[in-house]
Every structure is written in structure tokens, then in C-alpha cells.
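Enquirer: Structure in C-alpha cells, see below.
The values are calculated or read from the model by the stated rules, or taken from the named source; none is laboratory data. Computed from a prediction, not measured in an experiment: that's the story for all the values here. As a convention, Cβ positions derive from the backbone with ideal geometry for all residues, glycine included, and neighbour counts pool all protein chains shown.
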């Protein structure tokens, strides 16, 4: 049970992939995360550090100054790309339909995911969608089962 389609190496908000499984149509789509925090505000240790108590501590060893300089340059490039809107945080949101009827537009989701992150091919977006698939199917089964009950039993169960 997984998506056979893959998200592209470059995605835009609204891009989607879909699959059919267990009678359901599942669509995974990219939704821009509405939290506008910068990467260094979201991630402890985003900025590399030479200080042992800091979350971004590079660690001792050979060439630590060179490793620190390389990590600093990479962090600055990532921040610059984010400021230029070359990548963004998103949610991977799965909807579930049955026989053309939308059962749940957000049956499963994961937020705060990097889309078009420098140096990546977005393959992890498809991996996330695959990991969320069982949750979306469970939601679809729950809703379909509820809808298939006679009206009086739906009322009685409240």
C-alpha cells in the first residue's frame, strides 16, 4: 500500500499525487505552512557553534574550524534561499474519497516539512505521504462505516 506517483523534484503549493487503495481514492497535496517563522527560529541548532553547550555544536576533532566555516556557509545559504522564497515549509495533507464522494479533506497530515529544500529532490514528501496513508485509510473506513449505519442507529449512538 503506497503511492506509485511521486512528488516532483520542484513542488508548488497545491501539487498533488494520488492512489487508489482499499476502494478509496487518496490524494496527497502540498499545502503551504501558515507559520512564517524562519528556519533558525524553528530549529534549535540551525546555526553551527564552536561552543559545547550550544545545540549547533560542531564537535571536536580534526579540522573543526573548517567544518564550522563550512556549516556556517551552508546555514547562510539555506537562510538566503528561504528569504528568496526558493523553498518553504509545508504540510503534506491527505484527503480520502469513496465513489467520488469526499469523506475527509484532511484525513491525515504532517506539517513543518521543507519543500524544495536546497540540495534535496523532495523524495521525502512522497515518503511522508506513504507513511500517512494508513491513517487516511483508517479515517476513510471510520467515516464510511458511520455513514453506512441506518439513520436511527446513527442517532442512538450520538
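Enquirer: Could you look through segment 114-127, keep only residues that are touching a residue at least 40 places away in the same chain (Cβ under 8 Å) and crowded, with 16+ Cβ neighbours inside 10 Å, and pick out the one that is nearest to the chain's Cα centre (by Cα)?
Expert: By that ranking, first place goes to 125.
Enquirer: So, in segment 51-68, exactly how many residues are under 30 Å from the mean Cα position of the chain (by Cα) and part of a helix (DSSP H, G or I)?
Expert: So the count comes out to 2.
Enquirer: Going by the structure shown, is residue 106 modelled with pLDDT of 95 or more, in contact with a strand residue (DSSP E or B) (Cβ under 9 Å, 6 or more places away or on another chain) and buried (at least 18 other Cβ atoms within 10 Å of the Cβ)?
Expert: no
Enquirer: Being over 28 Å from residue 110 (Cβ atoms), loosely packed, with under 13 Cβ neighbours inside 10 Å and touching a strand residue (DSSP E or B) at 6+ places or on another chain (Cβ under 9 Å) is the filter here; which residues of segment 25-61 pass it?
Expert: Across segment 25-61, the qualifying residue is only 51.
Enquirer: Now, a different point. Mind checking whether some residue in segment 94-102 is assigned to a helix (DSSP H, G or I) and surrounded by 15 or more Cβ atoms within 10 Å (Cβ to Cβ)?
Expert: Scanning segment 94-102 turns up no residue that is assigned to a helix (DSSP H, G or I) and surrounded by 15 or more Cβ atoms within 10 Å (Cβ to Cβ).
Enquirer: So which residues in segment 36-70 are in contact with a helix residue (DSSP H, G or I) (Cβ under 9 Å, 6 or more places away or on another chain) and at pLDDT 90 or above?
Expert: Result: 38, 39, 40, 46, 47, 48, 49, 56.
Enquirer: While we're on this one: When the residues of segment 14-50 are filtered to those that are part of a loop (DSSP other than H, G, I, E, B) and closer than 16 Å to residue 128 by Cβ, which remaining residue is nearest to the chain's Cα centre (by Cα)?
Expert: Checked segment 14-50; the qualifying residue nearest to the chain's Cα centre (by Cα) is 33.
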